[in-house]
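Taking it in order: structure first as structure tokens, then the write-up.
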Amino acid sequence: MKYDVVIVGGAMSGATLALALASLTQGRMHIAVIEKQPLQSPSPSGQKNGFDARHIALSAGSCRHFSHIQLPSQHSLWDYIQPITTPIKQIHISDKGHSGIVEFNASEFHLEQLGATIALNQVGQYLLNAIGRYANIDYFAPHSVQQIERCAEQVEITLDNHQKLSTKLVAGADGSRSAVASAVNISQEILHDYGQTAIIANVETQQPHHHRAFERFTAEGPIALLPIGDNLMSLVWCVRDPEPLLALDDKAFLNAVQRTFGWRLGKFTRCSRRFSYPLSLSRASQHIQERVALVGNAAQTLHPVAGQGFNLGIRDIMQLANMLSGAFIAEQDLGAYSVLQAYEQHRQQDQRQMIHFTDNLLSIFANNLLPLQIARNLGLMALAQSSWLRQVFAKPTLGWI
């Protein structure tokens, strides 16, 4: 079975890449998507998510990129998924134990919203439905890659059911433990082990969020709350030792969240199941090889502070899609190193800037030296007062790169 591009990883990143390529080539590029997880059961449009559903935050820039992906229905991908998103219209930033507070409002940037949150299980079903509208996209699930063999003119991929696919290019959109990267001997370099673990849960609050998101820095790490529904927030709490918190019953856990976050949303009344994962900054030693390209977390994995990891990955995806669609229309070899090198070169500055931005943010706020505490408190106050500083700070977080 021959394809122009085979995408390994069919979750949000891989599905978005497939849709972007199909849109930019008007359905002429033959694409395969390989996903190791089983297909989700179809759910009625508009069905409410379970309380345990995991969410991610989309920046304003990512929402704009989705608006540039046209579906066969003549609607954009953003038009399609917007009804299942929750807008973020204000972001509140504070430093626990200090007076500095900064608030960003959508109106000051002439935007309707600074971003949005979306449930991964629900958007996954919407993306699969969108892919199903394209006759030129084949979605293989649940299947894993057993072998990747490259020769001068193509790549041959063997699946777990012994089926073989051949392609000009394989795109790795399969996360930080990328099977594609491993198959071609690309290593993941740990640039910074933060010594933190993120605890993920959804919480119900006594007061409505009014479309506000919160980022509060503590001595152990940041705690973030994102709006996901009426009086519901998605919690990302970064701590040094998660085990005592994970062992607590729901009431005791909510009390711990309350002590750390405060009372800006009133009392926390309910929480979902909790998940956790260790945090580090990692980067693939190479993002391209002949006939191979990596995107999203397969290329780099960031700390969740400021919620930039997925949004950086979306910019990878859109850049690669633009490069490949141009090469496809010009009838060039999609896997040629010269085509892929242009993608890598265009992405390097943005990737470096965002890695430094998130890493420096953590270094500044995780340090308890008194001079640095004073400096960052003064910095937050200056940020609150200066429109120019706010624009400079907001530009990368909004995805205006």
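The values are calculated or read from the model by the stated rules, or taken from the named source; none is laboratory data. The structure presented is a predicted model; accordingly, all values stated were derived computationally and were not measured. Every residue, glycine among them, receives a Cβ derived from its backbone with ideal geometry; neighbour counts consider all protein chains shown. For the accessible areas, the whole protein counts, side chains as well, though only heavy atoms, and no ligand, DNA or RNA atoms are used. Shrake-Rupley method; radii C 1.70, N 1.55, O 1.52, S 1.80 Å.
Assorted remarks:
- You will find that of Ser338, Ser325, Ser386, the residue that is touching a helix residue (DSSP H, G or I) at 6+ places or on another chain (Cβ under 8 Å) and among the hydroxyl-bearing types (Ser, Thr, Tyr) is Ser325 and no other.
- For the residues Ser166, Ser144, the requirement of being in contact with a Leu (Cβ under 8 Å, 6 or more places away or on another chain), polar (S, T, N, Q) and in contact (Cβ under 8 Å) with a residue 60 or more places away in the chain singles out Ser144.
- Cβ-Cβ under 9 Å pairs, at least 6 apart or on other chains, segment 78-90 side on the phi > 0 side of the Ramachandran plot, far side assigned to a helix (DSSP H, G or I): none
- Checking Ile329, Ile317 one by one, the residue that is within 18 Å of Ser62 (Cα to Cα) and at pLDDT 95 or above is Ile317 and no other.
- 2 or more residues open to solvent by less than 20 Å² (accessible area, probe 1.4 Å): qualifying helices (runs of 4 or more DSSP H) within segment 303-401: 309-329, 337-365, 370-385
- Enumeration of residues in segment 9-31 that are more than 17 Å from the chain's Cα centre (by Cα) and under 21 Å from Pro142 (Cα atoms): His30, Ile31
- In segment 114-131, residue most open to solvent (accessible area, probe 1.4 Å) [restricted to those that are in contact with a Phe, Trp or Tyr (Cβ under 8 Å, 6 or more places away or on another chain) and of a type outside the set (Ser, Thr, Tyr)]: Leu128
- Residue that is modelled with the lowest pLDDT, among those in segment 145-198 that are in a loop (DSSP other than H, G, I, E, B) and acidic (Asp, Glu): Glu153
- Selection within segment 113-144 - part of a strand (DSSP E or B), among the β-branched types (Val, Ile, Thr) and within 30 Å of His209 (Cα to Cα): Thr117, Ile118
- Test: residue in segment 239-249 that is at pLDDT 95 or above, in a strand (DSSP E or B), at negative phi and surrounded by 13 or more Cβ atoms within 10 Å (Cβ to Cβ): yes
- The criterion of being open to solvent by 20 Å² or more (accessible area, probe 1.4 Å), in contact with a Ser or Thr (Cβ under 9 Å, 6 or more places away or on another chain) and among the basic types (Lys, Arg) holds for Arg283.
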